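Asker: First the structure, which I've put down as structure tokens, then a few questions once you've had a look.
The values are calculated or read from the model by the stated rules, or taken from the named source; none is laboratory data. A quick note: this is a predicted structure, and the numbers were derived from the prediction, not measured. Heads up, the Cβs are rebuilt from the backbone with ideal geometry, glycines too, and the neighbour counts pull from every protein chain shown. Each accessible area value is taken on the protein alone, full model and side chains, heavy atoms only, with ligands, DNA and RNA left out. Shrake-Rupley method; radii C 1.70, N 1.55, O 1.52, S 1.80 Å.
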Amino acid sequence: MQIISTVKELEKSLSAIKKEEKAIGLVPTMGALHAGHASLVKRSVEENDVTVVSVFVNPTQFNDKNDLNNYPRTLEADCLLLSDLGVTIVFAPTVEEIYPEPDTRKFSYPPIDSVMEGARRPGHFNGVCQIVSKLFNMVSPNKAYFGEKDFQQIAVIRAMVKALNIPVEICPCPIIREETGLALSSRNTLLSEEEKATATNISRILFASVDFAAQHSVKETHEMVVSQLNSIDGLEVEYFQIVDGITLQPVNLWEDTDYIMGCITVYCGARPIRLIDNIKYK
Ligand code: PAF
């Protein structure tokens, strides 16, 4: 496994691979890798000749300086985990390497990027599109793998790929959960054990809401999730939206469409830590 930190070295390594017309899988990450990332990497290794994993905490997608500063950085442990998974290249550049000049490009894919995370984190998806488009240009992958925990991110990246005619297949991968149901996230490492136990209520209540939804309206299901979570000490729902799985626009009736997701963001604990999760209703 090669660990590369410059674009030049990356291009050099990939040029030989491209000449041989090998299939390249890309797994973009911000590091602090866990079993969720490992599942994306395993799938890429299975489906491609070569897997490139990028490890880069992308500053342009953070709208909160504290969040950026507190984001866990564990490159050594990340490389150890990746070396066991059959990865060919780890690309771990510096900020200066990726952004020698400020990236002034603007990406906008309304209405997909203007709801939920997009409405609450101004500039977040613009930053995601900046880094992901750069990585796609640098690596030219055949396939790129993203976790469904960031459900809206996948929809925005799909919209970007379509708008810019980027020849890459976007491969969404299911959320990996702890035994408790808590969706794996690099941010979980910032929770105390007690906060982590509290956070398990997020998935518990989302799972319970699927049965509840069979007998209740969209509005009642929405109210049930928000009120149950907000009644737990240490949790505060930022938003919960029941949306069409393609357009990400709110649905009013279960009959409105045949693909419906519930997307949630909850603040957990004293700091607090912002956790996201989602559930499929149909
Ligand atoms: O999902 C993430 O970890 C990041 O948003 C991504 C796709 C690696 C871009 O920085």
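Asker: When only residues in the range 164-191 that are within 12 Å of the chain's Cα centre (by Cα) and modelled with pLDDT under 95 count, which is least open to solvent (accessible area, probe 1.4 Å)?
Answerer: Ser186
Asker: Right, another one. Out of Leu33, Leu26, Leu40, which single residue is more than 17 Å from Lys149 (Cβ to Cβ) and within 16 Å of the ligand (Cβ to nearest atom)?
Answerer: So the residue among Leu33, Leu26, Leu40 that is more than 17 Å from Lys149 (Cβ to Cβ) and within 16 Å of the ligand (Cβ to nearest atom) is Leu26.
Asker: How many residues does the range 153-163 hold that are touching a residue at least 60 places away in the same chain (Cβ under 8 Å) and open to solvent by less than 10 Å² (accessible area, probe 1.4 Å)?
Answerer: Matching residues across the range 153-163 total 0.
Asker: Could I ask something else about it? Looking at the range 236-246, can you tell me whether even one residue there is in a helix (DSSP H, G or I) and surrounded by fewer than 20 Cβ atoms within 10 Å (Cβ to Cβ)?
Answerer: Taking every residue of the range 236-246 in turn, none turns out to be in a helix (DSSP H, G or I) and surrounded by fewer than 20 Cβ atoms within 10 Å (Cβ to Cβ).
Asker: Looking at the range 141-172, which of its residues are of a type in the set (Asp, Glu) and near the ligand (Cβ under 9 Å from one of its atoms)?
Answerer: Result: Asp150, single match.
Asker: Now for a different question. Right, Leu229: surrounded by 16 or more Cβ atoms within 10 Å (Cβ to Cβ) and in contact with a Gly (Cβ under 9 Å, 6 or more places away or on another chain) or not?
Answerer: Criteria not met by Leu229.
Asker: For the range 145-169, give me the residue count where each residue is assigned to a strand (DSSP E or B) and in contact with a Phe, Trp or Tyr (Cβ under 7 Å, 6 or more places away or on another chain).
Answerer: Residues that pass the stated criteria total 0.
Asker: Scan the range 100-108 and give yes if some residue there is touching a residue at least 12 places away in the same chain (Cβ under 8 Å) and among the β-branched types (Val, Ile, Thr), otherwise no.
Answerer: no
Asker: Now for a different question. Residue by residue through the range 32-88, note down the ones that are over 29 Å from Asp103 (Cβ atoms) and either hydroxyl-bearing (Ser, Thr, Tyr) or assigned to a loop (DSSP other than H, G, I, E, B) (or both).
Answerer: Passing the criteria: Ser39, Asp49, Ser83, Asp84, Leu85, Gly86.
Asker: Of a type in the set (Val, Ile, Thr) and buried (at least 17 other Cβ atoms within 10 Å of the Cβ) - does that describe any residue in the range 68-88?
Answerer: Taking every residue of the range 68-88 in turn, at least one turns out to be of a type in the set (Val, Ile, Thr) and buried (at least 17 other Cβ atoms within 10 Å of the Cβ).
Asker: Scanning the range 199-226 for residues that are in contact with a Leu (Cβ under 8 Å, 6 or more places away or on another chain) and buried (at least 19 other Cβ atoms within 10 Å of the Cβ), which turns out nearest to Leu26 (Cα to Cα)?
Answerer: The selected residue is Ser203.
Results for (1) of a type in the set (A, V, I, L, M); (2) in a loop (DSSP other than H, G, I, E, B); (3) at pLDDT below 95; (4) touching an Asp or Glu at 6+ places or on another chain (Cβ under 9 Å), shown as yes or no for each residue.
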{"site": "Glu194", "(1), (2), (3), (4)": "no, no, no, no"}
{"site": "Gln228", "(1), (2), (3), (4)": "no, no, no, no"}
{"site": "Ile232", "(1), (2), (3), (4)": "yes, yes, no, no"}
{"site": "Val266", "(1), (2), (3), (4)": "yes, no, no, yes"}
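Asker: Which ones in the range 1-21 are surrounded by 14 or more Cβ atoms within 10 Å (Cβ to Cβ) and assigned to a strand (DSSP E or B)?
Answerer: Hits for the range 1-21 are Ile3, Ile4.
Asker: Scan the range 48-67 for residues that are without any contact (Cβ under 8 Å) to a residue 40 or more places away in the chain, more than 12 Å from the ligand (Cβ to nearest atom) and either in contact with an Asp or Glu (Cβ under 6 Å, 6 or more places away or on another chain) or open to solvent by less than 70 Å² (accessible area, probe 1.4 Å) (or both) and report the count.
Answerer: 2
Asker: Can you tell me which of Asn252, Asn278 is open to solvent by 20 Å² or more (accessible area, probe 1.4 Å) and either within 21 Å of Glu148 (Cβ to Cβ) or assigned to a loop (DSSP other than H, G, I, E, B) (or both)?
Answerer: Asn252
Asker: State yes or no: is Phe212 closer than 26 Å to Ala155 by Cα, at pLDDT 95 or above and not small (Gly, Ala, Ser)?
Answerer: Against the criterion (closer than 26 Å to Ala155 by Cα, at pLDDT 95 or above and not small (Gly, Ala, Ser)), Phe212 does not qualify.
Asker: Let me ask something else about it. If the Cβ limit is 7 Å and pairs must be 6+ apart or interchain, which residue in the range 180-194 that is within 17 Å of Glu148 (Cβ to Cβ) pairs with which residue that is open to solvent by less than 50 Å² (accessible area, probe 1.4 Å) and among the β-branched types (Val, Ile, Thr)?
Answerer: Listed by first residue and then by second, the contacts come to Gly181/Thr200; Leu182/Thr200; Ala183/Ile175; Arg187/Ile273.
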